[in-house]
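*Asks:* Quick one: structure below, then a few questions.
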Amino acid sequence: EATGTTKKRGTKVTFRPDAQIFETTEFSFDTLAQRLRELAFLNAGVTITIDDERTEGKGHKFFYEGGIVSFVQFLNQNKVSVNDKPIYMRGVKDGIDAEIALQWNDGYSELVFTFANNINTHEGGTHLSGFRAALTRTINNYAAKSNLAKDLKDASISGDDIREGLTGVVSVKIPQPQ
């Protein structure tokens, strides 16, 4: 029997590990908070909170309306950006939903995070190799059409050069992952 109504919505999960099942029952709050922050970035507009009941008042609330664009800005927050706003693309084809956010900074290293169904794919995968190939091809085609690469003659700009200083997030949602 319902005793009242509420406008609250969502899901609450409380997790208490069973020592008979888990080897470790003590978890790192920082590790869990980092993963939940990541999930909030990957799911724009979703609020995720974590509370550590072992320590009074220890908790975080994560909400990023900008999704992976906010993620790239977060990753670049202590760097000098080359393009003010991250470039954002999204497309759906054959049931696969792909999102990409890119922003270059004045550094030399590439920092690209890839995700398949919200799982960080540290090893890369076809979504990373496909992204890199498409980015290199697109920049070279643009340079050729705009006559920006006239000093290169028949050569092209290398993928490593294009990705220098790049911070990016590639997120794909795949209906039947392998």
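The values are calculated or read from the model by the stated rules, or taken from the named source; none is laboratory data. The structure displayed is predicted, hence computed values, not measured ones. Because the Cβ atoms are built from the backbone with ideal geometry, glycine has one as well, and the counts that use them run over all protein chains shown. Heads up: the accessible areas ignore ligands, DNA and RNA and are worked out on the full protein's heavy atoms, side chains in. Shrake-Rupley method; radii C 1.70, N 1.55, O 1.52, S 1.80 Å.
*Asks:* Within the stretch 53-86, track down each residue that is surrounded by fewer than 15 Cβ atoms within 10 Å (Cβ to Cβ) and charged (D, E, K, R).
*Replies:* Glu53, Arg54, Glu56, Lys58, Lys61, Glu65, Asp84, Lys85
*Asks:* All but one of (1) under 30 Å from Pro175 (Cα atoms); (2) of a type outside the set (Lys, Arg); (3) outside any loop (DSSP other than H, G, I, E, B); (4) open to solvent by 30 Å² or more (accessible area, probe 1.4 Å) hold for Asp30; which doesn't?
*Replies:* (1)
*Asks:* Test of understanding: among Glu164, Glu99, which residue is among the charged types (D, E, K, R) and modelled with pLDDT of 95 or more?
*Replies:* None of the others qualify; the one that does is Glu99.
*Asks:* Residue check, Glu99 against (1) among the charged types (D, E, K, R); (2) surrounded by fewer than 16 Cβ atoms within 10 Å (Cβ to Cβ); (3) within 25 Å of Ala133 (Cα to Cα), all met but one. Which one?
*Replies:* The failed condition is (2).
*Asks:* Here is a further query. Counting only residues that are within 13 Å of Glu164 (Cβ to Cβ) and surrounded by 13 or more Cβ atoms within 10 Å (Cβ to Cβ), how many does the stretch 104-131 have?
*Replies:* 6
*Asks:* Scan the stretch 47-62 and tell me whether some residue there is within 11 Å of the chain's Cα centre (by Cα) and more than 30 Å from Ala155 (Cβ to Cβ). Break it down stepwise before answering.
*Replies:* Applying the first criterion (within 11 Å of the chain's Cα centre (by Cα)) to the stretch 47-62 yields none.
Taking every residue of the stretch 47-62 in turn, none turns out to be within 11 Å of the chain's Cα centre (by Cα) and more than 30 Å from Ala155 (Cβ to Cβ).
*Asks:* Do the conditions hold for Phe22, that is, is it in a loop (DSSP other than H, G, I, E, B) and either surrounded by 10 or more Cβ atoms within 10 Å (Cβ to Cβ) or without any contact (Cβ under 8 Å) to a residue 40 or more places away in the chain (or both)?
*Replies:* Taking the combined requirement at face value, the residue satisfies it.
*Asks:* Another question, then. Select from the stretch 107-132 the residues that are more than 23 Å from Arg35 (Cβ to Cβ) and not small (Gly, Ala, Ser) and write down the one among them that is modelled with the highest pLDDT.
*Replies:* Ranking the candidates gives Tyr108 first.
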